[in-house]
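Novice: A single structure is presented below for examination.
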Amino acid sequence: MRTHALRLHPGDDPKVVLDALARAEGWSAACVLSAVGSLTRVALRFANQPEATSLTGHFELVSLTGTLSADGSHLHLAISDSTGTTRGGHLEEGSSVFTTAEIVLGILDDWRFSREPDPESGFNELVIAAI
C-alpha cells in the first residue's frame with residue numbers, strides 16, 4: 001500500500017476534491033486512513049433516505065471512512081457540533097471546509113474497485129478484483 005496525504009482549504013468540498021483526485025491520479029483502489037478537520041456546511045444522506053440533508057454551522061470532522069477509485073467513491077462522514085452531538089451518514093457533494101481538513105489515503109495498487117449495478121440491492125455496488 002502506498003499513502004497519499006492532503007490538506008483541504010476553506011471552502012473546499014471534500015467529496016468533490018477526493019473524487020477528482022482519484023480520477024486525476026487514475027487510482028484503481030484507495031481507502032481513507034485518517035481524516036480530521038472542520039466544516040461549516042455538511043451534506044449527509046442519512047440511513048434509508050433518498051436525498052441528502054444539508055446542515056450549516058460549525059462542525060468538527062470526527063471521522064471519514066470509505067473507498068475511492070477512478071470509478072467512484074463510497075464515503076461516510078461523522079461530525080460533531082459545539083455540544084458534542086454527533087451525526088453521521090453518507091457523504092454527498094455540497095459540504096464545505098471551515099478551516100482545514102487533513103486527510104490520509106491508502107492507495108491499494110494490487111486491487112481494482114469498480115461500481116456496477118447490483119440486481120439484489122438495486123444500486124451500483126462495489127466490485128473488488130485483484131490485479
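Novice: Go through the stretch 51-91 and tell me which strands (runs of 3 or more DSSP E), entirely inside it, have 1 or more residues that are among the acidic types (Asp, Glu) and in contact (Cβ under 8 Å) with a residue 12 or more places away in the chain.
Specialist: By residue number, 53-69.
Novice: Same structure, new question: Examine the stretch 49-56 for a residue that is polar (S, T, N, Q) and touching a Lys or Arg at 6+ places or on another chain (Cβ under 6 Å), and state whether such a residue exists.
Specialist: Yes, that holds for at least one residue.
Novice: Considering the stretch 1-57 alone, what residues qualify as being farther than 23 Å from Asp110 by Cβ and surrounded by fewer than 12 Cβ atoms within 10 Å (Cβ to Cβ)?
Specialist: Residues satisfying the conditions are Arg7, His9, Gly11, Ala20, Ala47, Asn48, Gln49, Pro50, Glu51, Thr56.
Novice: OK, next. Considering only residues that are part of a strand (DSSP E or B) and either among the hydroxyl-bearing types (Ser, Thr, Tyr) or modelled with pLDDT under 95 (or both), which ones fall in the stretch 105-123?
Specialist: Ser114
Novice: When only residues in the stretch 88-131 that are over 23 Å from Val42 (Cβ atoms) and among the hydroxyl-bearing types (Ser, Thr, Tyr) count, which is surrounded by the most Cβ atoms within 10 Å (Cβ to Cβ)?
Specialist: Among them, the one singled out is Ser114.
The values are calculated or read from the model by the stated rules, or taken from the named source; none is laboratory data. Please read all numbers here as calculations on a predicted model, not as lab measurements. So basically every Cβ, Gly included, is an ideal-geometry build from the backbone, and we count neighbours across all protein chains shown.
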